[in-house]
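The values are calculated or read from the model by the stated rules, or taken from the named source; none is laboratory data. Keep in mind that this is a model prediction, so the values were computed, not measured. With ideal geometry, Cβ positions are generated from the backbone for all residues, glycine too; neighbour counts draw on all protein chains shown. What goes into the accessible areas is simple: the full protein's heavy atoms, side chains included, and nothing from ligands, DNA or RNA. Shrake-Rupley method; radii C 1.70, N 1.55, O 1.52, S 1.80 Å.
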Amino acid sequence: MATIRPRARLTIAAVAALGLSLLAPVGAAAAAPAGSGAQAAGGQGTGTRYTNPVSRRFADTYADPSVIRGKDGWWYAYGTTDPLREGETTRHILPMSRSKDLVSWEYVGDAFTEATLPSWADKSRGAALWAPDIRFVDGRYRLYYVVTETTVTGEPNDNAIGVAFSDSPTGPWTDSGGPVVGPRRGGAGEPGNFLWTFDPSHVVGPDGTEYLFYGSYYGGIWVTQLNDDGTRAVGSPTRVAIDNKYEGAYVVQRNGWWYLFASSANCCAGPTTGYSVHVGRSRDLRGPYVDREGVPLNQSRAGGTPVLAQNGNRWVGTGHNAVVTDLAGQDWTLYHAIDRSDPYLTGTDGINERPMLLDRLDWIGGWPTVRAGAWASDTSQPGPVTGGATVTDFTRPDGDFRSAGTWRRVSDLYGGTSLVSAGPGTNTVLTTQALPAEVHVEADFRTDAGATGQHGLLAGTRAGQGDGVAAVVDPATRQLVVRTTDHGQGTAAAGAPLPANYDPTDWHSLLLEVRHGRAWAQLTSARLGDPLAEVALTLPRGTSSSGLAGAFAQGAGVRVDNLSALRAAPLVTRPIPAPAPGRLLKNSSDEFNGSTLAPGWEEVRNPDATVQGGQLVWPVEATDLTGPGGSAGVLLRNVPSGNWTAETKLTIDLGTDTIRNFQQGGLIAYVNDDLFARLSHVAIWNTRQTEFGKEMPYAGKLSYGGTIVGPPAETTWLRLTQRIDRANGERELQASTSTDGRTWIRGGVWTLPAGSDVRIGLISHGRQGGDPATARFDYFRLYAD
């Protein structure tokens, strides 16, 4: 079982033993080949503003995106099998696209064609490839994917995970010849009953061991160890998230924690799609994963802290995300979503139109959230920092770098150009202008066979003085070291071992970031959040961190590519304010302290609810509101004009683990039986969830979908907050939940049309099976905001 490696601290004597004192003071020399891009003084870097969706130039739909920065300096994205444009009838089997800035994308082909599908994909049953996951491991690109129908069992629905390899991010791709994770039987093993082996996410652990996360609602999310070449699962898998709640796993490590991103609810319910992203974290890659409140993801009342959900603008169904980092150190997430005004690829049914979106991913208090909790954007936004004069792929002789020592320009296997050190001693490529104290430096490195010279990144270097900070990869001692130097003398250092299977002749990505008196280095295969080694060092007082920055190599045979040295991105550290209740409207509230309901309630269809012992007691009805002919009872009250908040405290004896579909109690914002938004603690198969669902008429029928908020408890507090959109008059309703009445978890937003006669109330219904539960409401409170 993989664990985070301890970070060993090195003494100054150890620094000298590693040969770091050979990094003598350096100065500017002849100009080296440098990168393209507009001039940006002081390593500021450049980013392109964007408006979602970022896939619009080449695709109307591009679901389940996976992203990597290739070794040629381009970013590449891969999508699930679908037609790309409205009206198109030909499917694209794992379409591929590329971008220089993560904003403007162009289509570059499909990973497979109908003729080149994996040999074990059952073409006779229309096998498709879904949910790609792109990686770069052991010097080659890998593409993991779902094969929906296989030849393994001869039965329908026997989905499995496959993998293909290529020396290029655009292929040609060669399938490994069989499943990585094969079909898994479900239930009693009846023909065609297979667990959903969907949504692969590959991760390399800190000891070099490879793992694969996979799974979906039917069966849960699992992690398994892989063999050395990543083509087969080995050992016993571990379930990390409960079935019937999560799919679309994506895993990254940050500050010693592994974060499991996963998507909940229905991906594809057209205009009422409530797909959203949640997260849990663990010190161990194999779990257990818990949310911000400490609730495990792998239990009936499953935890999960919201990262991304719809916010009332044009986008719903915001889910199945990937994470990527720009060249200034800011994280971003790419995901798909649905435009609620245009939810289908063609017509009003069929394939859901899910274009690719991009938004900033912030880390606040150790937890990720998109745009500080504002979530999906639909207006012009500042884009990722991906260019500037101090960003180079060594294809053009301009930019803001200078070299010292001896370098040669060479072509590489991946279609780009890199530099290789060709002289003895210390060879450097440094910026010509000083960068500020907070800096983010990156490059790709590999060594030629037999070369053992140290190499790495520099920051805060001053010509002729030998000051600064260095991140050093030492192939001989197999260490990653961060060290500081003052006038050529080492002052502090920290290091960590490289994995036993680390091969310096393969390309790896190294970063050095200096912020707030702390230096941090990380070595990865491909910048995808699964470090092979990382080191943090608190800088001694007086350490220079402003100055020149770049790369170095000692001796010949060290190759460097994709070098960037930029001012570190300013990080967002505070979330947007959460909605809070305003003034309590006592005459519109009910504490249920008497023997009957307070004045002002309207009973719809005579709900069997009574006031007893300071509670409203309401057995769950064997009825529902969803679908045509909804016949459940409802208790309603009028709301004030303008903005308001409704809150209740609900205890409902649903228990855990057993199947009691779809018993629930909660709040409802009601226009009529066919147009409402409902927040409830609900039994969904073996799970208990807080679902915020919406039903609405669409294209001559009813559409229903839900989004998930925080985990419930036996007693759960529920809130609905209405805000009126000043631009279009829509009623925007946001759900929040709590398990203690103090700490609230914000969820997604459903909208109701402008001018709707909305009333607020309570529900207790949905019983289809299991012992009937009883909903007990301690109070109903209405606030004017």
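Summed over segment 567-591, residues that are at pLDDT below 95 and closer than 18 Å to K649 by Cα total 2.
Residue-level check: of (1) over 44 Å from the mean Cα position of the chain (by Cα); (2) modelled with pLDDT of 95 or more, G594 misses just (2). Filtering segment 251-280 to residues that are crowded, with 22+ Cβ neighbours inside 10 Å, under 13 Å from P368 (Cα atoms), among the aromatic types (F, W, Y) and in contact (Cβ under 8 Å) with a residue 60 or more places away in the chain leaves Y259, F261. Of the residues contained in segment 161-183, none is found to be over 30 Å from Y50 (Cα atoms), surrounded by 19 or more Cβ atoms within 10 Å (Cβ to Cβ), without any contact (Cβ under 8 Å) to a residue 40 or more places away in the chain and touching a helix residue (DSSP H, G or I) at 6+ places or on another chain (Cβ under 9 Å). Consider segment 120-157 and keep the residues that are out of contact with any strand residue (DSSP E or B) (no Cβ under 7 Å at 6 or more places or on another chain), in a loop (DSSP other than H, G, I, E, B) and open to solvent by 40 Å² or more (accessible area, probe 1.4 Å). The one that is nearest to S525 (Cα to Cα) is D138.
Screening segment 210-219 for residues that are under 28 Å from C267 (Cα atoms) and in a strand (DSSP E or B) and picking the one that is farthest from the chain's Cα centre (by Cα) gives Y211.
Going residue by residue through segment 99-115, is there one that turns out to be polar (S, T, N, Q), touching a Gly at 6+ places or on another chain (Cβ under 6 Å) and more than 27 Å from R446 (Cβ to Cβ)? Scanning segment 99-115 turns up no residue that is polar (S, T, N, Q), touching a Gly at 6+ places or on another chain (Cβ under 6 Å) and more than 27 Å from R446 (Cβ to Cβ). Does Y218 count as closer than 29 Å to W315 by Cα and in contact with a Pro (Cβ under 6 Å, 6 or more places away or on another chain)? In short, no. Scanning segment 220-248 for residues that are of a type in the set (A, V, I, L, M) and open to solvent by 10 Å² or more (accessible area, probe 1.4 Å), we see that the one that is nearest to the chain's Cα centre (by Cα) is A233.
Of the residues N266, N244, which is modelled with pLDDT of 95 or more, within 29 Å of V316 (Cβ to Cβ) and touching a helix residue (DSSP H, G or I) at 6+ places or on another chain (Cβ under 9 Å)? Can you show your working first?
Details: N244 fails: touching a helix residue (DSSP H, G or I) at 6+ places or on another chain (Cβ under 9 Å).
Only one candidate passes the filter, namely N266.
Inspect all residues belonging to segment 474-481 and state whether any of them is at pLDDT 95 or above, in a strand (DSSP E or B) and more than 29 Å from T209 (Cβ to Cβ). No, every residue in segment 474-481 fails to be at pLDDT 95 or above, in a strand (DSSP E or B) and more than 29 Å from T209 (Cβ to Cβ). Checking segment 436-458 against the condition returns no match, with no residue being open to solvent by 40 Å² or more (accessible area, probe 1.4 Å), in contact with a strand residue (DSSP E or B) (Cβ under 6 Å, 6 or more places away or on another chain) and β-branched (V, I, T).
Taken over segment 37-72, the criterion of being surrounded by fewer than 24 Cβ atoms within 10 Å (Cβ to Cβ), modelled with pLDDT under 95 and over 22 Å from the mean Cα position of the chain (by Cα) is satisfied by G37, A38, Q39, A40, A41, G42, Q44, T46, D72. Selection of segment 546-570 for residues being in contact with an Asp or Glu (Cβ under 7 Å, 6 or more places away or on another chain) and either open to solvent by 60 Å² or more (accessible area, probe 1.4 Å) or free of Cβ contacts under 8 Å to residues at least 60 places away in the same chain (or both) yields only R567. When M96 is tested against (1) among the aliphatic types (A, V, I, L, M); (2) outside any loop (DSSP other than H, G, I, E, B); (3) open to solvent by 20 Å² or more (accessible area, probe 1.4 Å), only condition (3) is not met. If you go through segment 671-727 one residue at a time, how many are of a type in the set (F, W, Y) and farther than 22 Å from A578 by Cβ? Of the residues in that region, 4 qualify. Considering segment 184-196, the residues that are open to solvent by 30 Å² or more (accessible area, probe 1.4 Å) and modelled with pLDDT of 95 or more include one that is nearest to T224 (Cα to Cα), namely R184.
Taking segment 696-785 as the region of interest, the strands (runs of 3 or more DSSP E) fully inside it that hold 2 or more residues being within 28 Å of the chain's Cα centre (by Cα) and of a type in the set (S, T, N, Q) are 701-708, 715-724, 731-738.
Can you tell me which residue is surrounded by the fewest Cβ atoms within 10 Å (Cβ to Cβ) among those in segment 596-622 that are among the β-branched types (V, I, T) and in contact (Cβ under 8 Å) with a residue 12 or more places away in the chain?
Looking only at segment 596-622, we keep the residues that are among the β-branched types (V, I, T), and these are 596, 604, 610-611, 617, 620.
From the residues that got through so far, the ones that are in contact (Cβ under 8 Å) with a residue 12 or more places away in the chain too are 596, 604, 611, 617, 620.
Details: T596: 9, V604: 17, V611: 17, V617: 16, V620: 27.
Looking at residues that are among the β-branched types (V, I, T) and in contact (Cβ under 8 Å) with a residue 12 or more places away in the chain, I get T596.
Counted as qualifying within segment 286-347 are the strands (runs of 3 or more DSSP E) with 2 or more residues that are open to solvent by less than 10 Å² (accessible area, probe 1.4 Å), of a type in the set (G, A, S) and at pLDDT 95 or above, namely 315-325. Selection of strands (runs of 3 or more DSSP E) fully inside segment 352-430 by the criterion of at least 1 residues being in contact (Cβ under 8 Å) with a residue 12 or more places away in the chain, within 17 Å of V441 (Cβ to Cβ) and over 21 Å from the mean Cα position of the chain (by Cα) returns 385-387, 401-404, 417-421.
This table checks each residue for (1) open to solvent by 10 Å² or more (accessible area, probe 1.4 Å); (2) touching an Asp or Glu at 6+ places or on another chain (Cβ under 6 Å).
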site: D624; (1), (2): yes, no
site: L636; (1), (2): no, yes
site: P640; (1), (2): yes, no
site: G655; (1), (2): yes, no
site: I659; (1), (2): yes, no
site: D673; (1), (2): yes, no
site: G693; (1), (2): no, no
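Of the residues making up segment 242-252, one or more are assigned to a loop (DSSP other than H, G, I, E, B) and in contact with a Pro (Cβ under 9 Å, 6 or more places away or on another chain).
Taking segment 348-375 as the range and being open to solvent by less than 20 Å² (accessible area, probe 1.4 Å), within 21 Å of P579 (Cβ to Cβ) and in contact with a helix residue (DSSP H, G or I) (Cβ under 9 Å, 6 or more places away or on another chain) as the test, the residues that pass are D359, D362.
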